[in-house]
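Below: the structure, in structure tokens.
The values are calculated or read from the model by the stated rules, or taken from the named source; none is laboratory data. No experiment lies behind these values; they were computed from the predicted model shown. Positions of Cβ are backbone-derived with ideal geometry, glycine not excepted, and every protein chain shown enters the neighbour counts. Surface accessibility is based on the protein's heavy atoms, side chains included, excluding ligands, DNA and RNA. Shrake-Rupley method; radii C 1.70, N 1.55, O 1.52, S 1.80 Å.
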Amino acid sequence: MKTLWAAVIGVVICIFFLDIMTAQEQSKHLVPADKGLTPETMKKLYERGREKLYSGEDLDTIGMPVGGIAAGQMYIRGDGTFALWQIFNRQVFTGYGADCYTTYRPDSPVDSGFAVFVKKGGETSAKILDRDFGRVVCSASYPIASIRYSDSSFPIRARITCSSPFIPLNAKDSALPATMLAISLENRSDETVTAGVVGWLENAVLIDSATAIHALRRSRIVNEKERTLIVHTAEKAPLPEGTAEPRTKIVLADFESPDYGQWIITGKAFGKGPAKGTLTSQQEVSGFLGKGLVNTFLGGDGPVGTLTSPSFEISRKFMNFLIGGGGHAGETCINLIIDSKVVRTATGKNNEKLEWYFWNVQEFEGKTAKIEILDKHSGGWGHINIDEIELSDKPNKGPVGPIEKLPDYGSMVLALLGQGASSHEAQTLLEAIGDRDIKLNAEQDVSYPVTERRSTALTTRAIELKPFSRHTFNFVLTWFFPNHEHGHEYATRFDSATRVAHYLVDEWSRLTGDTAKWYRTFYADSTLPGWLLFRLHSTVSNMATGTCQWWENGRFWAWEGVGCCEGTSTHVWNYAHAPARLFPELERRAREMQDFGQGFDPESGLVGFRSNRAYAADGQCGTILKAYREHQMSADNAFLKRNWPRIKKALEFSIERDGNDDGLIEVSQHNTYDINFEGPNTFVGSLYLAALRAGEEMAKDMGDEQFAKRCRQIFESGSKLSVERLWDGEYFIQLVDLEKHPKYQYAKGCLSDQLFGQGWAHQLGLGYIYSPDYVKKALRAVFKYNWAPDIGPYNAVHKPERWFARAGEAGLFTCTWPKSAFIEEGVRYKSEVWTGIEYQVAGHMVWEGMLREAFAICNGVHQRYHPSKHNPFNEVECGDHYARAMASWGVYTALAGYEYHGPKGHIGFAPRITPENFSAAFTAAEGWGTFAQKRDEKLQSEKITVRWGMLKVESLAFAIPEDFDVAGVTVTLDKRVVKSSHTLKDGRIEIKLAKRQLVNEDQTLEVAISRK
Ligand SMILES: [Ca+2]
Ligand SMILES: [Ca+2]
Ligand SMILES: [Ca+2]
């Protein structure tokens, strides 16, 4: 009774507080109009700046992905050590929202490292390249990390430069399961020293399965083709000695007695004795032996407890048992305890059926152990089923199949380019590294039980380094784990980590050269501020994380964030521009094999938003826009031709939702906020109008004039009606009957994404979908009402569902209600801050010339992801490395005012920042390079230099000042004049070349626009 009264009073107090808050909130919008952006802070943001160096504790959070695209997830940490190692085909979901927005040092489950050794007199000393070296300084801008090590007491200064091959437009070479390292040594002492590098790698093949299989790991050092490789594999093993004549098995527990005997019970979940089968309201339990078993569903999932065995001796090589129930690691599990340590653990698989499982316990034979069965979980599947625990010399058939089919079966290689030292010499060098937890060996060929952890080392030859001279050693680290559920694209090209290593070494200079060329082109040759370049490119690394997969059948597939929310969700990927601009081939594959392939319903035109049969209104429209983008990023019309009937059908699906061709969608619209909007709104509405414009252009490209005309008509109606019905004087609202639809709407709120389709339209050169005045005004309102220089005060009152920004940090809220009461039940995620939306809005602002606002928003993200708080390469939402964050590329293309249509051979630029002296990288269908513009009183000059591949050009467009009186235009290709004609309109010059030109690698197309 007492608790009931307390609850009632609590509710009354809550209601009372809510009333006060609403009154307060109505009088004062908690996002200040004054953003505190002083001219000094803004000036700093515009500066080119210097390369940012990190040291001290900042090194701990940094984890830059350095494996290839869709080849797993491997980090290099700020101190130059490898971490994460999610290369074994296990999906790791890092948590919903705030769970992953935490400060931490990425863990390293696999032992690896490098050490520098120095020989002097008869003495050998060595120092490991990690954060304890001395002074460690990191600069990491995706895709290249560079870590410098120095220590006054050590003669050698070292530097690791690391990246996986990353070459835009060359997806295959950018998707290698590998990383490359150059380790350079510099002698900082005034005498000659003899030095070299030791590198080692643990054999982690079968890392997850090791305790539940019987196999051997094998590690070899192979010298061939002027290179030295550590090759780690695993193989089936004959059963251990003695198993041919197995001793009789010992049943430790069969749970057939009425009680648990000498086992000790705590808590309520286990009852007083074993269960007799299925318990009340439980699904059918099967697979146990006899009539009794451990089943902690007693009273449902709620109760918890433990059951601990008496001590026993491990007197056989295996421990077999039956297990079922919940799959919560550490919470619904059975553990083997030796010396108070958990040495083996297993959980159920969220299935009531008990299945055989075994532990390989050979290494513990003769030791005293206990078994502990835990139920520490009260939520769904919060129980465990166990039966028939036995010690045996024969493993019972485990839950896993043959080892060569296991997800973590494969191979790993660490290779040195060049001859390594003899293993005999290596062994003495290893001693210099000192004691370590994991056994380090340099044996030529060794096999050992899979349950043992061992690392193998290789050493470079010792070289003489004169004072202040340098030497660089090159290494590659490769892996090959083909048993992914859908296979790996990389496994269609290679059959082992050894083959991958040889490929990398054979192609070393091209792969490192092209990667460095992109790095230079993007960072060094750009006039854009360094911090902004860093930020906008950092999210591209999401492609080289567990978020993305490239399947054996060629399909590019992705989660929303690592391990969660499947199916390359059309609505989340609406935001991600980076993959399409850098590796258009992969996005074309996603369109053809998913959106217009497996996820497409040919009957209705529905594009299932997770490759299923579910409708998302924003995703459906976005698919049309993506199709047009992919067409524009193609070299010819082939992609559009192949897919046009389905693209058209998909657009017709949206037109059907519109219902009356008035350009407004009124019916229920499921969308990326995981709810449905009801009634017309410009979030889905602007995407719909942009899709109609894209449909019109594609129809024209395909000669379908009738459909082009229809799209145009609906578009014009929608554009007009949206302003008439949804414009509130300052921004666009949603027309909805809140009585009928009280939940998840925004009504008169200010939604940050309200002009999403307009931003897209600019990206595709589709122009304005609403009159520019309204667009600019609405964007200004989004900044004014939704961007807080400190999210603290607002979020203190309106708590977000998940925290992606903390008090004191800046951020853009999803939705606010500056002119009406805050709707508690309004659009989901309303008070959260998502980097994907922030980039989407900032990119659009850049197109509109709102540089100050765009820079403030991007810098807000940059500060939140400063390494003092978070891994700067891991922008989270629902899970790590969230795909939406790749919206950052939209900001980048906007800054250059980039427009491109590959099949038409059209390229154009309109720099939004320092147009008098601008330079930035660009990508096109078949090549990439640098665009540079200079402008003075007499001349505006444009230079398009191809650095990689080629560019076909037939027409060009540039922004010129309104008062620029053009005297003439001269186009040259490598100093050769190309005939051209031009037209002028509204500060834009369009140049048509008499003939399509091919600009090859290292050639420059120049345009000189002279002034009268
Ligand atoms: Ca039993
Ligand atoms: Ca429980
Ligand atoms: Ca309509």
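Things to note:
- Answer residue from segment 659-677, given it is of a type outside the set (Ser, Thr, Tyr) and buried (at least 21 other Cβ atoms within 10 Å of the Cβ) and is nearest to ligand 3 (Cβ to nearest atom) among those: Leu664
- In segment 264-299, the residue that is farthest from ligand 3 (Cβ to nearest atom) out of those that are not hydrophobic (A, V, I, L, M, F, W, C) and not in a loop (DSSP other than H, G, I, E, B) is Thr266.
- Within the set Phe82, Phe88, Phe114, the sole residue that is of a type in the set (Phe, Trp, Tyr), modelled with pLDDT of 95 or more and out of contact with any strand residue (DSSP E or B) (no Cβ under 6 Å at 6 or more places or on another chain) turns out to be Phe88.
- Here Ala369 meets the list (1) farther than 20 Å from Thr266 by Cβ; (2) away from ligand 1 (no atom under 16 Å from the Cβ); (3) out of contact with any helix residue (DSSP H, G or I) (no Cβ under 7 Å at 6 or more places or on another chain); (4) among the hydrophobic types (A, V, I, L, M, F, W, C) almost entirely, failing just condition (1).
- Positions within segment 678-704 being away from ligand 3 (no atom under 14 Å from the Cβ) and assigned to a loop (DSSP other than H, G, I, E, B), in sequence order: Met702, Gly703, Asp704
- Being surrounded by fewer than 24 Cβ atoms within 10 Å (Cβ to Cβ) and among the aromatic types (Phe, Trp, Tyr) is a description that applies to Phe822.
- Checking Gly567, Gly563, Gly554 one by one, the residue that is at positive phi and under 14 Å from the mean Cα position of the chain (by Cα) is Gly563 and no other.
- Scanning segment 368-426 for residues that are of a type in the set (S, T, N, Q) and at pLDDT below 95 yields Ser378, Ser392, Asn396, Gln419, Ser422, Ser423.
- Condition check for Thr972: open to solvent by 20 Å² or more (accessible area, probe 1.4 Å), closer than 22 Å to Leu582 by Cα and polar (S, T, N, Q): no
- Exclusive hit being without any contact (Cβ under 8 Å) to a residue 60 or more places away in the chain and within 43 Å of the chain's Cα centre (by Cα), set Pro238, Pro303: Pro238
- If you go through segment 313-346 and keep only what is in contact with a Cys (Cβ under 7 Å, 6 or more places away or on another chain) and either within 16 Å of ligand 2 (Cβ to nearest atom) or not hydrophobic (A, V, I, L, M, F, W, C) (or both), you end up with just Thr345.
- Of all residues in segment 789-797, none satisfies being open to solvent by 20 Å² or more (accessible area, probe 1.4 Å), of a type in the set (D, E, K, R) and free of Cβ contacts under 8 Å to residues at least 12 places away in the same chain.
Every residue, every condition in (1) at pLDDT 95 or above; (2) of a type in the set (Phe, Trp, Tyr), yes or no:
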{"site": "Lys934", "(1), (2)": "yes, no"}
{"site": "Glu942", "(1), (2)": "yes, no"}
{"site": "Lys952", "(1), (2)": "yes, no"}
{"site": "Phe958", "(1), (2)": "yes, yes"}
{"site": "Ala967", "(1), (2)": "yes, no"}
{"site": "Lys975", "(1), (2)": "no, no"}
{"site": "Ser980", "(1), (2)": "yes, no"}
{"site": "Ile991", "(1), (2)": "yes, no"}
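- Counted residues, segment 277-299 - those being exposed (fewer than 15 other Cβ atoms within 10 Å of the Cβ), without any contact (Cβ under 8 Å) to a residue 60 or more places away in the chain and closer than 14 Å to Lys353 by Cα: 1
- Test for Glu566: is it part of a loop (DSSP other than H, G, I, E, B) and without any contact (Cβ under 8 Å) to a residue 24 or more places away in the chain: no
- Of the candidates Lys349, Lys394, Lys353, Lys405, the single residue that is more than 16 Å from ligand 2 (Cβ to nearest atom), out of contact with any helix residue (DSSP H, G or I) (no Cβ under 6 Å at 6 or more places or on another chain) and more than 20 Å from Thr211 (Cα to Cα) is Lys353.
- Of the residues in segment 122-135, not one is outside any loop (DSSP other than H, G, I, E, B), buried (at least 23 other Cβ atoms within 10 Å of the Cβ) and at pLDDT 95 or above.
- Out of Ala883, Ala854, sole residue that is crowded, with 24+ Cβ neighbours inside 10 Å and farther than 15 Å from Asn542 by Cβ: Ala854
- Restricting attention to segment 317-337, the residues that are surrounded by fewer than 16 Cβ atoms within 10 Å (Cβ to Cβ) and within 21 Å of Pro449 (Cα to Cα) total 0.
- Filter pass, Gly302 being within 16 Å of ligand 2 (Cβ to nearest atom), open to solvent by 30 Å² or more (accessible area, probe 1.4 Å) and part of a loop (DSSP other than H, G, I, E, B): yes
- Among the candidates Cys565, Cys548, the residue that is open to solvent by 10 Å² or more (accessible area, probe 1.4 Å) and under 29 Å from Phe88 (Cα atoms) is uniquely Cys565.
- Some residue of segment 364-374 being away from ligand 2 (no atom under 16 Å from the Cβ), more than 36 Å from the chain's Cα centre (by Cα) and under 24 Å from Lys291 (Cβ atoms): yes
- One residue stands out among those in segment 36-58 that are aliphatic (A, V, I, L, M) and in contact with a helix residue (DSSP H, G or I) (Cβ under 7 Å, 6 or more places away or on another chain): the one that is most open to solvent (accessible area, probe 1.4 Å), which is Leu37.
- Applying the criterion of at least 3 residues that are under 40 Å from the mean Cα position of the chain (by Cα) and either within 30 Å of Ala638 (Cβ to Cβ) or of a type in the set (A, V, I, L, M) (or both) to the strands (runs of 3 or more DSSP E) found wholly in segment 901-1012 leaves 906-909, 917-923, 927-935, 939-949, 951-959, 988-999, 1004-1011.
- 1 or more residues under 26 Å from Ala544 (Cα atoms), open to solvent by less than 10 Å² (accessible area, probe 1.4 Å) and in contact with a His (Cβ under 6 Å, 6 or more places away or on another chain): qualifying helices (runs of 4 or more DSSP H) within segment 569-633: 617-632
- For segment 734-769, filtered to residues that are part of a loop (DSSP other than H, G, I, E, B) and among the hydroxyl-bearing types (Ser, Thr, Tyr), the residue that is surrounded by the fewest Cβ atoms within 10 Å (Cβ to Cβ) is Tyr768.
- Of all residues in segment 38-75, those satisfying the criterion of being under 26 Å from Trp557 (Cα atoms) and assigned to a loop (DSSP other than H, G, I, E, B) are Val66, Gly67, Gly68, Ile69, Ala70, Ala71, Gly72.
- Some residue of segment 817-832 being touching a residue at least 60 places away in the same chain (Cβ under 8 Å), part of a loop (DSSP other than H, G, I, E, B) and of a type in the set (Ser, Thr, Tyr): yes
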